[in-house]
Every structure is written in C-alpha cells, then in structure tokens.
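Q: Below: one structure in structure tokens.
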Amino acid sequence: MEPAMACEMLSAIKDEGCKIGTLVMDNDSTTIAHVKATVDPTINKRADKNHTRKGFTGALIELANTHKVLKNQKLRSHIERCFTYCVQQNRGKAKDLENELGKIVPHLYGEHECCGTWCRSKKTDYKPRNLPYGKPLSCTLLREALEALFKKYCCKSEELAMMGSTQVNENFNHMVSTKAPKRL
Ligand SMILES: [Zn+2]
C-alpha cells in the first residue's frame, strides 16, 4: 500500500468516527511513519504473518549460500514449520514466544531437555526424519548462524505475538471500501 493512499483511507475511517488501534501491514516502515505523522500517532503496526514468514524463508535461503546443508529443501521447510508452529501456538504471549523460539535450534541439534510437548523425542523409536540422514544437525558454524537468526525474531517477539494475518488485512480493505466509498 502506498503511504499516501494508506493515509487517505485511514483519514476517511477516522472521519466516520472509528477508532483505529492497530494496522496490519507488511514490514514497510515508511507507510507506518507517514500514517503516524499525518493521521494518528497512536496507531500501532502489526506484523503480517505472510510477510514475516517470507522474511524467515528468505533468510534461510540466504544462509544456504554459506551453509550447504541448507540447500536441502526438506530441511529448510522443517525449520520453517518449527518457526511458524511456534508463532501460532504463542499468539498474544510475547514472553512465551521468545522462550519457545529459543528452543528450536537446540532441538534441531538433538538437545531435547527443554522441548515442549510438540517434540516427539520422548517416543522410544524417535528419529528426526526431517533432518538430513535422519540425524540431528551437527555443524557448529551453522548453529551460530541459526541462533543469530532466531535471536533476531526473539527480539521482535512482541510484534510477532500480536501478529495479524492477510485475511484480517483483506477485511480491513473491505471495511474501508464499504465505509468510505466517496473518498476513494
Ligand atoms: Zn526436541
């Protein structure tokens, strides 16, 4: 969404007497800054689920340049699934989300002491089937890189836990077009 267009839409809603609390959008900081400055400084940005996921996937693909094992698509989607599952399970709970995100890398490296019920390592015949050769990861350089990546998302746990979805965004657009057709 263009900053100017977003502002026009939001002003229109405000004129109708509605209170706008949170705006679900992609990670475009120009738009939110513009909206805060011209429409309402109390509006918050909420990370959009699809954009966050894309950001995470992109980061993994980039890491694959340095860490060959990540060229394995199955491994990448496994890490991605752990990440999305974690975010979904801890909606609205920033502290828990931060904690749980921190357990994923150890889990991938076969350290399951802190794992929650989502981990199947307690089963007797457990084998990490989604990992290459059915074995835990072992490269320490990759581990450092993955930990740094997860840490980045841990720092954003407040925003992540509040995460909206594209569907909410679509509803929002729909609401705008039905509420203020004359202005658009
Ligand atoms: Zn585990």
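The values are calculated or read from the model by the stated rules, or taken from the named source; none is laboratory data. Everything numeric here is computed off the predicted structure, so don't read it as measured data. Here the Cβ positions follow ideal geometry from the backbone for every residue, glycine too, while neighbour counts run over all protein chains shown. SASA here: full protein model, heavy atoms, side chains in, ligands and nucleic acids out. Shrake-Rupley method; radii C 1.70, N 1.55, O 1.52, S 1.80 Å.
Q: So if I check each of Lys54, Lys36, Lys19, which one is open to solvent by 30 Å² or more (accessible area, probe 1.4 Å), farther than 30 Å from Leu101 by Cα and either part of a helix (DSSP H, G or I) or modelled with pLDDT of 70 or more (or both)?
A: None of the others qualify; the one that does is Lys36.
Q: So which of Leu137, Leu149, Leu70 is part of a loop (DSSP other than H, G, I, E, B), at pLDDT 95 or above and in contact with a helix residue (DSSP H, G or I) (Cβ under 8 Å, 6 or more places away or on another chain)?
A: Answer to the check: Leu137.
Q: Next up: Please work out which residue is farthest from Leu160 (Cα to Cα), limiting yourself to the stretch 1-16 and to residues that are among the aliphatic types (A, V, I, L, M) and modelled with pLDDT of 65 or more. Give the steps one after another, and end with the answer.
A: Looking only at the stretch 1-16, we keep the residues that are among the aliphatic types (A, V, I, L, M), and these are 1, 4-6, 9-10, 12-13.
Retained after the next criterion (residues that are modelled with pLDDT of 65 or more): 4-6, 9-10, 12-13.
On the way: Ala4: 26, Met5: 25, Ala6: 22, Met9: 25, Leu10: 23, Ala12: 28, Ile13: 26 Å.
Taking the candidates together, the pick is Ala12.
Q: Here are Arg91, Arg81: which of them is surrounded by fewer than 17 Cβ atoms within 10 Å (Cβ to Cβ) and not in a helix (DSSP H, G or I)?
A: Details: Arg81 fails: not in a helix (DSSP H, G or I).
Checking each option against the conditions leaves just Arg91.
Q: Still on this structure, please answer the following. Provide a single number: the residues in the stretch 115-156 that are more than 22 Å from the chain's Cα centre (by Cα) and away from the ligand (no atom under 16 Å from the Cβ).
A: Number satisfying all stated conditions: 5.
Residue-wise test of (1) open to solvent by less than 20 Å² (accessible area, probe 1.4 Å); (2) in a loop (DSSP other than H, G, I, E, B).
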| residue | (1), (2) |
| --- | --- |
| Leu97 | yes, no |
| Glu100 | no, no |
| Lys103 | no, no |
| Gly110 | no, yes |
| Gly116 | no, yes |
| Cys119 | yes, yes |
| Lys122 | no, yes |
| Asn130 | no, yes |
| Tyr133 | no, no |
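Q: Considering the stretch 58-107 alone, what residues qualify as being free of Cβ contacts under 8 Å to residues at least 60 places away in the same chain, within 16 Å of the ligand (Cβ to nearest atom) and not aliphatic (A, V, I, L, M)?
A: Residues satisfying the conditions are His78, Arg81, Cys82, Tyr85, Cys86, Gln89, Asn99, Glu100, Gly102, Lys103, Pro106, His107.
Q: Looking only at the stretch 109-148, how many residues end up being farther than 16 Å from Lys68 by Cα and hydrophobic (A, V, I, L, M, F, W, C)?
A: Summing the residues that are farther than 16 Å from Lys68 by Cα and hydrophobic (A, V, I, L, M, F, W, C) in the stretch 109-148 gives 5.
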